[in-house]
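Enquirer: Attaching a single structure in structure tokens format; questions to follow.
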Amino acid sequence: MKINLLTLLVLPILTLACTREEPSVQWKEGAADDSGKACFELILKNVPAGSRVWFSRIPQRLTMAEDAPLTINFYKGNSYYFDVPECSGKELSIKYISDALPRKSWAPEGFYMQVSGKPDKELPVEYIFIERKGTEPGAEWFAKSFQPLAADIIPSVKTVTYGDGTVTKPEESLAKIEVVQSATGKQGWYKIVIDESGATIFAYDRDGFRNASITYNLLPNQLPPITIEDWADFQYRGFMLDVARSFVAKDDVLKLIDYLGRYKVNKLHFHLVDDEGWALEIPELPELTSYGARHALPIEMGDTLWELEGILPSTNGKLNEGLFYTQEEYKEIIKYAWERNISVIPEFDAPGHSRAAIRSMEAYERRTGDDSFRLSSPGDPSKYSSAQHFDDNVLDVELPGVYKFMECLFDNVIALYADAEVPLEAIHIGGDEVPAGAWAGRSRLEMKDLFINRMLDIAEKRNVMLAGWQEITQNIKPETAERLKKQLLFINVWSTRGKDMELPYILANEDWPVILSNVQNTYIDLAYSDGPDETGLHWGGYVDERKTFALQPYNLYESVRWTGVDTPVENLAAASDGRTPLLKPWNIKGVQVQLWSENLRNFGAFTYSIFPKALGAFERAWNARPYWEDDDAFKKDFDRFYSIIAAKEFPYYDQLGIRYKKR
């Protein structure tokens, strides 16, 4: 047998290549001590010395264990990094101390290895969690003891009358069913009559016919003769979708629009941009998506980290080549929604939450040399940390580039809606959470006043309404407030804890158009409970379908019936004592559900957060005046509501393969 010399040389190399272990990470959770702290361990396996490892983690202070071989550094947002020392071996243990993990979904993620001259490499992670238990509401809350009738749907119809016997619902399309234009009623009003002679729909307007068709399609084919009369208490029934932190593909957005339409939601507040990303193509400013929608690791140059190839990875820590909606995709979304009676209101958050825009325009200037779209000032001495731990996310509102940028943005959005032949009700400009310390050396009042007035100039010139978060109304001059009220479609009032619980009514009494967006009742990104496998945050408590159902738009102080997961509020009837009464109820314009996506990783996680958690708020947007004389009455009403969910909504979710919370 002859062996070639080349074979002898190559075989060992091939063997080594086949047996070389790939770099990976093992993460171990530690148990909490009496102070609520825990020791966590990161074990690097085959990670080469001299490399840098990045990962994402919900920001919490951490300290290194005494024997830690390196230091974990916080960068900004959710990003951390450390450098692997030259003396490290095949396996390296790194221990650090931080707050105990509330849920598994809070574990670090998005581990990447960065080596000079090589592509960034994602590291597989093995998680080792400690055993844990969570608190769930008592099973009696979800007893499902009510037997739903034919017209028991969500949201509930206002009035229903059943006749004797059984009739068959006509199978013809609604276009073939007699539709009678009614001069009576109100916007969105409708009436359905089904009897032995067939079916008739009475509708006041387009909204009424759309609402009637939804209800009609939800009725069973065999039912007693029935007359339904129905209308919405609020003309604004909204859902906010955050696609800046975790992107939702166009086809999934279309699915979600169908799901929302089932519950007569008629506004989609589309949170398209934030610090972590920009999700809409603007052709005149290509860096907004070529850079701002692309996530890449910072590169060290000298003593500074530079984000040259894309913006810092979002909350999941993942790199990507750009996730955004093209102009054609966005037009498809807004047309699809409008055909289903849903208006899409785009949000471009400013002057805070603007990091993606600021960094994108820096990339634009590097490419073109054009500084006329500059959004921040080099050398700005401001020192701050935003709610999401960024120190560079506030527009310098004295720069002319800010308003040139906004004019370009408004003109593009207005043209998109015109091309799609869809009404543009408003452009939401955010206005929330500008951190203390921004605009150093300048009056915060003057800067905010300047920004709002310049935005009003832009909006008034283009005859487009504005919307914003509650902060847009705060700490501005009286003359600016009066001007803003004339151009403002609505404000979302979200901060409703402690003293802020009165804020919705204070603002309504001052003639601001209020959309109730209460943290404790409508922030469905908050976890269902502290169960170990639940996703979501808990800074505003826990939110489940009981808590959304408990919302009382005209009695907000009794809308929070529990603290924590399941602890009843003591003396709920006294919750309104000494608090601001609602003197102008007509200024409460609607209810909106919020779904922020920091903790969501796929479309199934989005739907799990929505269903059935959001259904209580959808009910309350339609039927705004529940009355419960005591806890037993509330419990009985919720039993009816949840029984309908179990009997009619869960089978619908199962049929479509929708992931949801089933008890």
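Bear in mind these aren't lab numbers, they're just calculated from the coordinates by the rules spelled out. Computed from a predicted structure; not experimentally measured. We place every Cβ from the backbone using ideal geometry, glycine too, and count neighbours over all the protein chains shown.
Enquirer: Mind pulling the angle between the C-alpha long axis of helix 5-19 and the longest principal axis of the chain? Nearest 10 degrees, somewhere in 0 to 90.
Expert: Value to nearest ten degrees: 40.
Enquirer: So, one more: So if I take the centroid of the Cα atoms in region 369-384 and the same for region 511-536, what is the distance between those two points in Å?
Expert: 35
Enquirer: For q values of 0.25, 0.30, 0.32 Å⁻¹, compute log₁₀ I(q)/I(0) with the Debye formula on a Cα-only model of region 188-239, without solvent.
Expert: Listed by q, the Debye log ratios stand at -0.96, -1.22, -1.31.
Enquirer: Counting each pair of different Cα atoms once, what's the Kirkwood radius of region 542-646 in Å, rounded to one decimal? Don't jump to the answer; show the numbers that get you there.
Expert: Numbers: mean 1/r = 0.0661 Å⁻¹.
The answer is 15.1 Å.
Enquirer: Hey, could you grab the Kirkwood Rh for region 348-412? Inverse mean 1/r over distinct alpha carbon pairs, Å, one decimal.
Expert: Values: mean 1/r = 0.0821 Å⁻¹.
Evaluated over region 348-412, this radius sits at 12.2 Å.
Enquirer: Run through region 626-663 and list the chymotrypsin sites (Phe, Trp or Tyr not before Pro) located in a DSSP loop whose Cβ has at most 12 other Cβ atoms within 10 Å.
Expert: Qualifying residues, ordered by number: Y627.
Enquirer: Calculate how large, on average over all directions, the projected area of the Cα convex hull of region 307-397 is; give the answer in nm² to one decimal.
Expert: Details: hull surface 32.7 nm².
Its Cα hull, projected and averaged over all orientations, spans 8.2 nm².
Enquirer: Here's something else I'd like to know. Rounded to the nearest 5, what % of the DSSP beta bridges within region 236-656 are antiparallel ones? Numbers along the way, then the final one.
Expert: Numbers: 8 of 43 bridges.
Among the beta bridges of region 236-656, antiparallel pairing accounts for roughly 20 percent.
Enquirer: From the phi angles alone, apply the Karplus equation (6.51, -1.76, 1.60; θ = phi - 60°) to region 64-77 and give each ³J(HN,Hα) in whole Hz, x where the residue is Gly or Pro.
Expert: 7, 5, 4, 9, 5, x, 7, 10, 8, 9, 8, 9, 5, x
Enquirer: If you plug each phi of region 638-643 into the Karplus form 6.51 cos²θ - 1.76 cosθ + 1.60 with θ = phi - 60°, what whole-Hz ³J(HN,Hα) values come out, in order, with x for Gly and Pro?
Expert: Computed from phi, the couplings for region 638-643 are 5, 4, 4, 4, 5, 4 Hz.
Enquirer: Can you give me the long-range amide H partners of S343? Hydrogens built in the peptide plane at 1.01 Å from N, cutoff under 5 Å, separation of 5 or more residues or another chain.
Expert: Those qualifying (amide H under 5 Å, at least 5 residues apart or on another chain) are K267, L268.
Enquirer: For the chain, what does -39500 (n - 2.57) per DSSP helix run (n ≥ 4), summed and divided by total residues, give at 222 nm, in deg cm²/dmol to the nearest 500? Mind showing how you got there, number by number?
Expert: Numbers: 16 runs with 175 residues, N = 663.
One gets -8000 deg cm²/dmol as the mean residue ellipticity at 222 nm.
Enquirer: In vacuum, with every alpha carbon of region 22-128 counted as one equal point scatterer, what does the Debye formula give for log10 I(q)/I(0) at q = 0.14, 0.17, 0.19, 0.24 Å⁻¹? Two decimals, please.
Expert: After summing over all Cα pairs, the log10 values are -0.51, -0.77, -0.97, -1.56.
Enquirer: Can you give me the angle between helix 478-487 and the longest principal axis of the chain, using Cα atoms only, in degrees from 0 to 90, rounded to the nearest 10?
Expert: Tilt of helix 478-487: around 70 degrees.
Enquirer: Which of the aspartates and glutamates could a cross-linker span from K589 if the Cα-Cα distance has to be under 18 Å and same-chain partners fewer than 8 positions apart are dropped?
Expert: Answer for K589, where 18 Å is the Cα cut-off: D207, D233, E425, E471, E502, E510, D511, E619, listed by chain and number.
Enquirer: Sticking with this structure for a sec: Spelling out what I want: for every residue of region 248-259, take phi, set θ = phi - 60°, compute 6.51 cos²θ - 1.76 cosθ + 1.60 (Karplus), and round to whole Hz; glycine and proline get x.
Expert: 10, 4, 3, 4, 6, 4, 4, 4, 4, 4, 4, 4
Enquirer: Can you list the GluC sites (Glu not before Pro) in region 521-608 that are in a DSSP coil and have 10 or fewer other beta carbons within 10 angstrom?
Expert: Numbers: sites: E534, E545, E558, E570, E598; in loops: E534, E570, E598.
Passing both the DSSP loop test and the Cβ count: E570.
Enquirer: Mind pulling the per residue volume of the convex hull built on the Cα atoms of the chain? Å³ is fine.
Expert: Values: hull volume 151.4 nm³, N = 663.
It is 228 Å³ per residue.
Enquirer: Then there is this: Suppose we look only past 28 Å in the calculated P(r) of region 379-536. What percent of the Cα-Cα pairs does that tail hold?
Expert: On the way: 3830 of 12403 pairs.
Percent of Cα pairs beyond 28 Å in region 379-536: 31.
Enquirer: Another question about this same structure. Amide H to amide H, which residues 5 or more places from V243 or on other chains are under 5 Å from it, using H placed in the peptide plane?
Expert: H271
Enquirer: Which value, in Å³ per residue, describes the convex hull spanned by the Cα atoms of region 261-371? Could the numbers behind the result be given before it?
Expert: On the way: hull volume 14.2 nm³, N = 111.
About 128 Å³ per residue, rounded to a whole number.
Enquirer: Do any GluC sites (Glu not before Pro) in region 273-307 lie in a DSSP loop with no more than 13 other beta carbon atoms within 10 Å, and if so, which? It would help to have the intermediate numbers written out before the result.
Expert: On the way: sites: E276, E281, E284, E287, E300, E307; in loops: E276, E281, E284, E307.
Loop-located and lightly packed - E284.
Enquirer: So how strong a dipole does the chain carry about its Cα centre when Lys and Arg Cβ are +1 and Asp and Glu Cβ are -1, to the nearest 20 debye?
Expert: Numbers: 74 positive and 99 negative charges, 113 e Å.
Here the size comes out at about 540 debye.
Enquirer: Using just the alpha carbons, could you tell me how many Å³ per residue the convex hull of region 445-544 encloses? Present the calculation step by step, with values, prior to reporting the outcome.
Expert: Working: hull volume 11.7 nm³, N = 100.
Cα-based convex hull of region 445-544, divided per residue, equals 117 Å³.
Enquirer: Also: How far is the Cα center of region 479-507 from the Cα center of region 290-341, in Å?
Expert: 31
Enquirer: For region 158-269, count the residues as N, evaluate 2.2 N^0.38 Å, and divide the Cα radius of gyration by that value, please. If you can, show how the numbers build up before the last one.
Expert: Working: Rg = 16.4 Å, N = 112, 2.2 N^0.38 = 13.2 Å.
That ratio works out to 1.24.
Enquirer: To the nearest 10 degrees, how steep is helix 444-462 against the longest Cα principal axis of the chain, on a 0 to 90 scale?
Expert: That helix lies at roughly 60 degrees to the long axis.
Enquirer: Then there is this: Going through the cross-link list K169/K264; K28/K318; K335/K485; K104/K636, which pairs have a Cα-Cα distance over 24 Å in this structure? Display every interim value, and only then the final one.
Expert: Values: K169/K264 21 Å; K28/K318 21 Å; K335/K485 29 Å; K104/K636 34 Å.
From K169/K264; K28/K318; K335/K485; K104/K636, over 24 Å: K335/K485; K104/K636.
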